[in-house]
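These notes concern the structure reproduced below.
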Amino acid sequence: MSAIDDLPPLRAVIAEHGLSARKSLGQNFLLDLNLTAKIARQAGDLRGSDVLEIGPGPGGLTRGLLAEGARRVLAVEKDSRCIAALEEVARAYPGRLEVMNADALEIDVAARLTPPIRIVANLPYNVGTELLTRWLDPGHWPPFWSSLTLMFQREVAERIVAAPGTKAYGRLAVLAQWRSDARIVMDLPPEAFTPAPKVRSAVVHLVRRETPRYPADARQLQRVVAAAFGQRRKMLRASLKSLSPNIEEVLSSVGIAPTERAEQLDLSQFCALARALETPK
Ligand code: SAM
């Protein structure tokens, strides 16, 4: 029995189901159920919310989410070896856990959940970044989720919450912060995982904003940000040249010096630029 529920400790679950960690699936498991319950709490008050969990593995975080009162959890796991272990968790929480054996990059599960929906995941970082980019897609706004609570390598977490003028500041920061409030809520050392990864990890919590921080057309903003950071070391008059034949005038019209570089612009300036470019000259 563990501290948070009547199920066996995770080491016993892993031994019973032969869940030796696979590098190819980015498997670094969290085995301390007090820690997984703490991560679950970072997602906010779960009672009254459906939770989409991606990559539950042996179910440590899943158990944390259920013990913390999630109304319902839909857990999507690619590794079929984990499914029997997760079904045991489902039996301990009747009617509250649905397990799907699928690749999260290939399915759309929004319709299976009832809002408010919170997404919580401890994923391999490449899958996590790809999913985050999709969940933040301004072309599909408002999104189906109200908050995202995601484990990343510390370096990726810093890119999401980065401020202008820093090395970590780029497309991810602008897109994440335009329509959501993002902050790092937990820091985890490698030893928190089994096996231990090489780098530190952090949990980022993003809450969807009802209105964007500054008005702008989503596609235009994406174009501007992609062009500006695509050549981040160049001056804006060069990196944004493809967006307008008279880019220097456009920049000046919104008070931005054409000699500035992408990482010096804050969110309000990127949005002002997107609005100025919308108006045909
Ligand atoms: N959540 C568990 C924990 O915290 O102990 C496992 C975390 S482990 C870092 C990542 C999990 O994501 C693994 O169980 C792995 O099999 C799963 N996974 C990897 N790629 C996936 C994908 N594309 N779709 C769904 N699950 C995936």
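Taking 0.36 nm per intervening residue step and subtracting the Cα-Cα distance, what contour gain separates T259 from K198 on full extension? Before the final figure, lay out each step's value.
Details: separation 61, 0.36 × 61 = 21.96 nm, distance 3.92 nm.
Length difference between fully extended and current span is 18.0 nm.
What number, in percent, do you get for the relative contact order of the range 123-281 if the mean sequence gap of Cα pairs under 8 Å and at least 6 apart is divided by its residue count?
22
Of V99, P142, G64, which is farthest towards the positive pole of the range 10-208's charge dipole, taken about the Cα centre with +1 and -1 on the beta-carbons of Lys, Arg and Asp, Glu respectively?
Working it through, the farthest residue towards the positive pole turns out to be P142.
Once you have a ≥ b ≥ c as the square roots of the Cα gyration tensor eigenvalues for the range 27-76, tell me rounded if a/c is under 1.5, and otherwise prolate or oblate according to whether a/b is larger than b/c.
On the way: a/c = 2.24, a/b = 1.33, b/c = 1.68.
Oblate shape, in that a/c is at least 1.5 and b/c is the bigger or equal ratio.
Long-range amide H contacts for S201: which residues qualify at under 5 Å (H placed 1.01 Å from N, peptide plane, sequence gap of 5 or more or a different chain)?
R154, L188
Put +1 on the Cβ of every Lys and Arg and -1 on every Asp and Glu Cβ in the chain; which of V120, L132, L265 then has its Cα farthest towards the positive end of the dipole?
Of the listed residues, the answer is L265.
Hull surface divided by four, with the convex hull built on the Cα atoms of the chain: how many nm²?
14.9
Sorted from fewest to most neighbouring beta carbons within 10 Å, what does the list H17, H140, H205 look like?
With the fewest neighbours first, H17, H140, H205 line up as H140, H17, H205.
Tell me the angle of helix 125-135 to the major Cα principal axis of the chain, expressed in degrees between 0 and 90 and rounded to the nearest ten.
For 125-135 against the chain, the angle is about 60 degrees.
Among V13, V51, V109, what is the fewest-to-most ranking by other Cβ atoms within 10 Å?
V109, V13, V51
Normalised by the number of residues in the chain, what is the relative contact order in percent for Cα pairs under 8 Å and 6+ residues apart? Write down the numbers at each step before the final one.
Values: 517 pairs, mean separation 40.9, N = 281.
The value is 15 percent.
With θ taken as phi - 60° and the coefficients 6.51, -1.76 and 1.60, list the Karplus ³J(HN,Hα) couplings across the range 64-79 in order, rounded to whole Hz; mark glycine and proline as x.
x, 5, 5, 5, 7, x, 3, 4, 8, 10, 10, 10, 10, 10, 7, 7
Considering only DSSP beta bridges where both residues belong to the chain, give the percentage that are antiparallel (nearest 5).
Of those bridges, close to 45 percent are antiparallel.
Taking GluC sites (Glu not before Pro) as candidate sites, keep only those in a DSSP loop with at most 15 other Cβ atoms within 10 Å, then name the longest stretch of the chain containing none of them.
1-105
Just to confirm a number: summing +1 for Lys and Arg and -1 for Asp and Glu over residues other than E158 whose beta-carbon lies under 12 angstrom from that of E158, what do you get? Don't skip to the answer; put the middle values down first.
Numbers: positive: R154, R159, K167, R183, R200; negative: E155, D187.
Local charge sum for E158: +3.
How large is the helix-only mean residue ellipticity at 222 nm for the chain, computed as the sum of -39500 (n - 2.57) over DSSP H runs with n ≥ 4, divided by its residue count, in deg cm²/dmol to the nearest 500?
Value at 222 nm, helices only, nearest 500: -10000 deg cm²/dmol.
Output ³J(HN,Hα) for the range 148-156: one whole-Hz value per residue in order, computed from phi by the Karplus curve 6.51 cos²θ - 1.76 cosθ + 1.60 with θ = phi - 60°, and x for Gly and Pro.
10, 10, 10, 8, 9, 4, 3, 5, 6
Quote to one decimal, in nm, the extra length available between S252 and M100 on full extension: 0.36 nm per residue of separation minus the C-alpha distance between them.
49.5 nm
Could you give me D for the range 136-262, from Stokes-Einstein at 37 °C and 0.692 mPa s, where the hydrodynamic radius is the Kirkwood radius over C-alpha pairs? Units µm² s⁻¹, please.
Working: Rh = 16.3 Å.
The diffusion coefficient I find is 202 µm²/s.
Between S80 and H17, how many nm apart are label points set 7 Å from Cα along the C-beta direction?
1.5
Give me the Å³ per residue figure for the convex hull around the C-alpha atoms of the range 218-278.
66
Readers should treat all values here as calculations from the given coordinates under stated rules, not as data from a laboratory. Bear in mind the structure is a predicted one, so any value in this text is a computation, not a measurement. Glycine also receives a Cβ, built like all others from the backbone with ideal geometry; neighbour counts cover every protein chain displayed.
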